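> The structure that follows is given in the form of structure tokens.
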Amino acid sequence: MARQPKQAPAPPDVESAIRGYKDILSTVIEQRPSGTRQRLADALGKHRSFVTQITSPTYSTPIPAKHLPAIFSVCHFSPQERDAFLAAYRIAHPGKAPADGEIRRTRHVSLLVPDLGDPKQNAALDRAINDFIQRITSITGKGG
């Protein structure tokens, strides 16, 4: 059986830069009400473990730029916090962060849906709803 090649770890300077913006995000989240991580997971259409990976400085998992508007909205970044985060993000990912005028505003919408009684089916429903929202907003030209 062939072994899968291991993914090379990011260079230490990139890891340090990623840790820099995650430190800021982690501090912001710690100052917010409990449940913020779950609200973020819901807004991103992801599992909470994904949110842990992208918000914890101990993980070198980078935050995709497409998630930044939702993060800023759900976590209620102040202008100063957002500026500090974006400055650190741009160091870690040159050319990837949107320009200040390009950051689209988002808003959080909560839906009550039936519990299907199966975690896999519930996750599939959540993904389907999120995918639908992404398609609708892309049609209007305002999606990410």
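> Say R0 is 35 Å: what FRET efficiency, to the nearest 0.05, do residue 83 and residue 134 get from their beta-carbon distance?
E between residue 83 and residue 134, to the nearest 0.05, is 0.80.
> Further question: Rounded, prolate or oblate: which fits the range 31-80, taking a ≥ b ≥ c as square roots of the Cα gyration tensor eigenvalues, rounded meaning a/c under 1.5, else prolate when a/b beats b/c? The partial results should precede the final answer.
Working: a/c = 1.35, a/b = 1.20, b/c = 1.12.
Verdict is rounded for the range 31-80.
> Separate question: What is the local net charge at residue 89, summed over the other residues whose Cβ is closer than 11 Å to its Cβ (Lys, Arg +1; Asp, Glu -1)? All intermediate terms of the calculation are to be shown ahead of the outcome.
Working: positive: 22, 82, 90, 96; negative: 83.
Overall, the nearby charge balance is +3.
The numbers here are math on the coordinates, done by the rules we state, and not lab data. These numbers were taken from a predicted model, which means no experiment stands behind them. Glycine gets a Cβ as well: all are built from the backbone with ideal geometry, and neighbour counts include every protein chain shown.
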